[in-house]
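The values are calculated or read from the model by the stated rules, or taken from the named source; none is laboratory data. These numbers were taken from a predicted model, which means no experiment stands behind them. In this analysis, Cβ positions are derived from the backbone assuming ideal geometry, glycine residues included, and neighbour counts consider all displayed protein chains.
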Amino acid sequence: MSTNTMQEKIAENKKLREQIVKEISVIKQTGKLKYGIKNAIRHICKIYKEEEEEEKRAKVIIVAQNIPKEEGAKLRYLCALGNIPIVEFPGDAKELGEVCGRPHIVSVIVVLAVGSSSIMNLGKIPGL
């Protein structure tokens, strides 16, 4: 890989990271978030009564780069089945925790309400 494409990739990751950080702060103010793999699985899979379904169903999942392989594969599979987009955060769980203002690592963020954020534009629905 040439230096030019490597620099372009680094710049692209930095831009994506800045967009995700901005969108997370908007969601924290105007939407609703949950943290953790268990919450992600719960809000992707759980079936609620019809009137509660939209409030409690995951709209988008944000995952850190260093999520354990098995857990990442499970989330991608469930999101593919549920047509829920995944946003890949270009950083590790410690950095994602810092972005969220949490004093610990955060490997997964579940967005239950996007608020006035445009995070949905950054996500991709994984294929089976």
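Residue-by-condition table, conditions (1) closer than 22 Å to Lys94 by Cβ; (2) modelled with pLDDT of 90 or more; (3) exposed (fewer than 13 other Cβ atoms within 10 Å of the Cβ):
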| residue | (1), (2), (3) |
| --- | --- |
| Asn4 | no, no, yes |
| Lys28 | yes, yes, no |
| Gly31 | no, yes, no |
| Glu53 | no, no, yes |
| Lys59 | no, yes, no |
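Tell me, please, whether a residue that is free of Cβ contacts under 8 Å to residues at least 12 places away in the same chain and either among the hydrophobic types (A, V, I, L, M, F, W, C) or assigned to a loop (DSSP other than H, G, I, E, B) (or both) can be found in the range 103-121. Yes, that holds for at least one residue. Filtered by the rule that a residue be surrounded by fewer than 16 Cβ atoms within 10 Å (Cβ to Cβ) and under 17 Å from Leu96 (Cβ atoms), the range 33-46 gives Gly36, Lys38.
The residues of the range 23-43 that are touching a Gly at 6+ places or on another chain (Cβ under 8 Å) and either assigned to a helix (DSSP H, G or I) or among the hydrophobic types (A, V, I, L, M, F, W, C) (or both), listed by number, are Val26, Ile27, Lys28, Gln29, Thr30.
The residue that is farthest from the chain's Cα centre (by Cα), counting only those in the range 21-37 that are closer than 21 Å to Arg57 by Cβ and of a type in the set (A, V, I, L, M, F, W, C), is Val26. The residue that is surrounded by the most Cβ atoms within 10 Å (Cβ to Cβ), among those in the range 85-106 that are within 17 Å of Ile27 (Cα to Cα) and in contact with a helix residue (DSSP H, G or I) (Cβ under 8 Å, 6 or more places away or on another chain), is Phe89.
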